[in-house]
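Asker: The structure follows.
Every read-out reported here was derived from the displayed coordinates using simple, explicitly stated rules and does not represent laboratory data. Since the model is a prediction, treat every value here as computed from it, not as a measurement. Glycine gets a Cβ as well: all are built from the backbone with ideal geometry, and neighbour counts include every protein chain shown.
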Amino acid sequence: MINKYSEFFKMEIKEDLADRSRFILWIISKPISMMINILIWTAIFSNSNSLSIGGFSIGQTINYFLFQAVFGNIIFNNISEKIGAKIYSGELSTSLLKPVNFSISMVSKSLGGRFFSLIYESIPTHAIAMLFFGMQIYNKPAIILSIISLFLGLLINCFFSLSWSLLYFKTLNYMPLERIKRFVIQFISGFYLPLNFFPLALQNVLKFLPFNFLLYEPTKIFLNIYSFKEILGVMLIQIVWIIVLYGTFNFFFKITLKKFEGVGA
Amino acid sequence: MNKYIDVLVRHILMDFSEFFSHKQATFFQFFADFFEFFLQPLLLYFIYNISSGFQGWEINEMFFLIATARISLSLAGSSVLGIVFSNLWRLKSGNFHQVLLKPFNTIIYMIIGSFNAYWIMDITSGFLLLIYSIIKLKIQITLLGTLSYFYLIFISLLCYYGIAGILMNFFFKNPRSENILDIFWTASRFSNYPLNIFPNVIKFILTFIFPIALSSYYPASYFLSKSADYSLIIVFSIIGLAFAIIGSYAIKDGVKNHVSFGG
């Protein structure tokens with residue numbers, strides 16, 4: 001059973017390895033992104049009378065963005081985009097005929113891609129961030145726990161993306177909705193701005209959604225803000241969200257498939 | 001000249017016709033564009049809510065700056081910079097020779113053919129934010145400031161043309177390396193922030209080497225009367241001209257070495 005899906009995992013790594021230029025360009029573009037964030041936040045803090053903004057010191061804020069730049073790519077996947085393309089071309093029917101669980105096979109591929117990303121993109125960029133941008137590691141176990149939490153975040157995102165892709169069965173032209181999904185997730189997962197910089201009312205609403213467990217909470221684990229007990233609490237909530245989103249997807253997927261014509265656009 | 005206008009008009013009509021042929025998709029596209037664009041002012045609003053923001057720039061001035069950056073980029077995207085987006089797939093699939101076979105000047109045809117209706121939404125949202133910020137700022141609009149503003153946006157188009165030429169030259173030789181565009185998009189983020197917050201080396205790079213500041217910071221500074229040194233406009237004109245020459249040369253060189261195998 002696991003063997004079957006591990007092949008999807010390996011297949012994605014092999015596909016990613018075929019395009020080595022992506023890895024080199026990542027190493028060039030990420031430091032630019034890190035530098036922009038450092039300069040922006042240094043400017044904002046130097047113009048501020050307070051030593052902390054939204055409860056974060058300048059060091060924590062810079063480390064927050066460095067962590068996002070280095071490891072943030074782990075949680076992002078293109079499952080819904082791939083499904084959208086399959087629906088559009090009519091290829092989905094062929095995929096559904098294969099003797100594997102469709103959603104698990106998609107998630108396995110995504111995990112493979114993100115594992116590749118961790119090894120080939122995050123680790124070299126981490127070295128750059130530490131050497132040139134002064135990225136701090138507050139606590140060694142915290143970085144391992146934050147990466148585990150990021151992979152749980154990835155699973156949340158995978159099952160959310162699967163659920164979101166059900167909309168593409170109705171619209172066929174999936175790209176605009178895919179863009180909306182990407183921006184919404186980046187916005188409310190704390191990719192652009194830590195969520196504690198958001199207005200309090202919005203923060204209270206976001207607490208009841210799964211998105212702050214994608215990136216924001218794992219980054220807080222990295223910043224050593226949580227105790228070990230609190231970290232376990234975060235991971236437990238992440239597991240609950242994975243189960244809820246997987247169940248939601250399966251329920252609606254069965255209903256959607258009954259009406260699916262499979263002809264594409 | 002008439003034949004180019006004719007081609008441009010036909011291309012625009014075809015593009016709009018295609019754009020509005022899928023009404024549902026167009027609606028979602030509009031929504032996605034608006035959402036994407038207004039995300040940044042929203043983030044700025046959050047930042048200014050909890051801090052003093054950037055030195056010497058109040059929030060509505062920042063809105064004006066990012067609106068300018070968006071207008072310049074989207075104007076370039078639907079014209080000079082669009083050369084890259086519309087021809088990259090031709091290079092990848094080995095179909096670029098179709099452009100060369102047309103009885104037109106290659107560069108002019110490439111610019112005309114790069115019009116894309118999808119950028120209209122970006123231009124519109126940019127102007128909406130621009131108008132909003134002008135109303136909120138209650139500034140006195142001067143003729144000199146306004147002329148400088150639009151002239152510098154035109155100069156920034158020349159600079160974008162130069163960048164597009166350099167990118168195209170690279171793609172002619174490496175049609176599969178489209179990921180290099182990520183570096184361009186990442187670096188273009190600089191245009192959303194005032195130049196005075198960056199160190200001198202970065203200021204120099206963003207003015208002379210990768211002159212993205214000409215597309216936002218400098219036009220906004222003249223319009224908002226933050227800069228009164230109009231002699232700099234001559235320097236910016238020279239930069240724009242230099243980039244236009246480099247861009248043309250880079251495209252010609254790329255076309256000369258083009259082997260049409262695809263990627």
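Asker: Using only the alpha-carbon atoms of the stretch A:2-259, report the extent along each of the three principal axes, biggest first, to the nearest angstrom.
Answerer: So the three principal-axis extents are 60, 42, 35 Å.
Asker: Also, quick follow-up: Please build a GNM for chain A, connecting alpha carbons under 10 Å apart, and tell me which residue among A:I79, A:I40, A:I237 fluctuates the most.
Answerer: A:I40
Asker: Any idea what the alpha-carbon Rg over 2.2 N^0.38 Å comes to for the stretch A:178-258?
Answerer: Values: Rg = 14.7 Å, N = 81, 2.2 N^0.38 = 11.7 Å.
Dividing the Cα Rg of the stretch A:178-258 by 2.2 N^0.38 Å gives 1.26.
Asker: How about B:K136: which lysines have a C-alpha closer than 29 Å to its C-alpha, ignoring those fewer than 8 places off in the same chain?
Answerer: Candidates past the 8-residue exclusion: B:K203, B:K226.
Asker: Mind checking which of B:A220, B:A69, B:A187 has the largest fluctuation in a GNM of chain B, springs on alpha carbons under 10 Å?
Answerer: Of the options given, B:A187 has the highest mean-square fluctuation.
Asker: When a footprinting reagent is the concern and you count Cβ atoms within 10 Å, what order do A:T256, A:T61 take, fewest first?
Answerer: Numbers: A:T256 16, A:T61 25.
With the fewest neighbours first, A:T256, A:T61 line up as A:T256, A:T61.
Asker: A further question on this structure: Given C-alpha coordinates of the stretch A:1-49, what is the ratio Rg to Rh with the Kirkwood estimate of Rh? Mind showing how you got there, number by number?
Answerer: Values: Rg = 19.5 Å, Rh = 14.1 Å.
That ratio is 1.38, to two decimals.
Asker: A follow-up question, please. Please report, to two decimal places, log10 I(q)/I(0) for the stretch B:2-256 at q = 0.12 Å⁻¹ as given by the Debye formula with identical point scatterers on the Cα atoms and no solvent.
Answerer: Values returned for q = 0.12 Å⁻¹ are -0.76.
Asker: Helix-derived [θ] at 222 nm for the protein assembly as shown: sum -39500 (n - 2.57) over DSSP H runs of at least 4, divide by residue count, nearest 500? Intermediate results must be reported in sequence, preceding the final value.
Answerer: Details: 25 runs with 376 residues, N = 528.
Estimated from H runs of four or more residues: -23500 deg cm²/dmol.
Asker: Let me ask another. Let me have the relative contact order for chain B, percent, based on Cα pairs under 8 Å that are six or more residues apart. Don't skip to the end; give the middle numbers.
Answerer: Numbers: 300 pairs, mean separation 76.8, N = 263.
RCO, chain B: 29 percent.
Asker: I want to check the label-to-label distance for A:I32 and A:K258. Put each point 7 Å from Cα in the C-beta direction and report it in nm to one decimal.
Answerer: Each label point lies 7 Å from its Cα, and together they span 5.1 nm.
Asker: For the stretch A:117-265, what number results from the quotient of the Cα radius of gyration and 2.2 N^0.38 Å?
Answerer: Scaled against compact globular proteins, the figure is 1.21.
Asker: Further, regarding this structure: Please compare each pair in A:K109/B:K92; A:K109/A:K220; A:K4/A:K86; A:K82/B:K102 to a cut-off of 30 Å on the Cα-Cα distance and tell me which ones are over it.
Answerer: As for pairs spanning more than 30 Å Cα to Cα, those are A:K82/B:K102.
Asker: Which of B:G165, B:G247, B:G53 ends up with the largest GNM mean-square fluctuation for chain B, with Cα atoms connected below 10 Å?
Answerer: B:G53
Asker: How long are the semi-axes of the equivalent ellipsoid of the stretch A:76-128, taking √(5λ) for every eigenvalue λ of the Cα gyration tensor, in whole Å from largest down? Don't jump to the answer; show the numbers that get you there.
Answerer: On the way: eigenvalues 170, 30, 8 Å².
Square roots of five times the eigenvalues give 29, 12, 6 Å.
Asker: Taking the dipole about the Cα centre of chain B, with the C-beta of Lys and Arg at +1 and of Asp and Glu at -1, give me whichever of B:L152, B:F243, B:H97 is farthest to the positive side.
Answerer: Sorting the options by dipole projection puts first B:H97.
Asker: Also, I was wondering about something else. Rounded to the nearest angstrom and ordered from largest down, what semi-axes does the equivalent ellipsoid of the protein assembly as shown get from its C-alpha gyration tensor (root of 5λ)? Display every interim value, and only then the final one.
Answerer: Details: eigenvalues 283, 205, 99 Å².
Taking √(5λ) for each eigenvalue gives 38, 32, 22 Å, largest first.
Asker: Hey, another quick one. Would you mind calculating the gained length between A:E230 and A:E15 on full extension (0.36 nm times residue separation, minus the Cα-Cα distance), in nm to one decimal? Walk me through the intermediate numbers first.
Answerer: Numbers: separation 215, 0.36 × 215 = 77.40 nm, distance 3.79 nm.
So the chain would gain 73.6 nm between A:E230 and A:E15.
Asker: Of all trypsin sites (Lys or Arg not before Pro) in the stretch A:191-265, which ones are in loop regions per DSSP and have a Cβ with at most 12 other Cβ atoms within 10 Å?
Answerer: A:K207
Asker: Starting from the Cα of B:E58, step 7 Å along the direction of its Cβ; do the same at A:S52; then give the gap between the two resulting points in nm.
Answerer: It works out to 3.0 nm between the two label points.
Asker: A further question follows. What is the Cα convex hull volume of the stretch A:103-151 when expressed per residue in Å³? Before the final figure, lay out each step's value.
Answerer: Details: hull volume 3.5 nm³, N = 49.
Convex hull of Cα atoms, per residue: 72 Å³.
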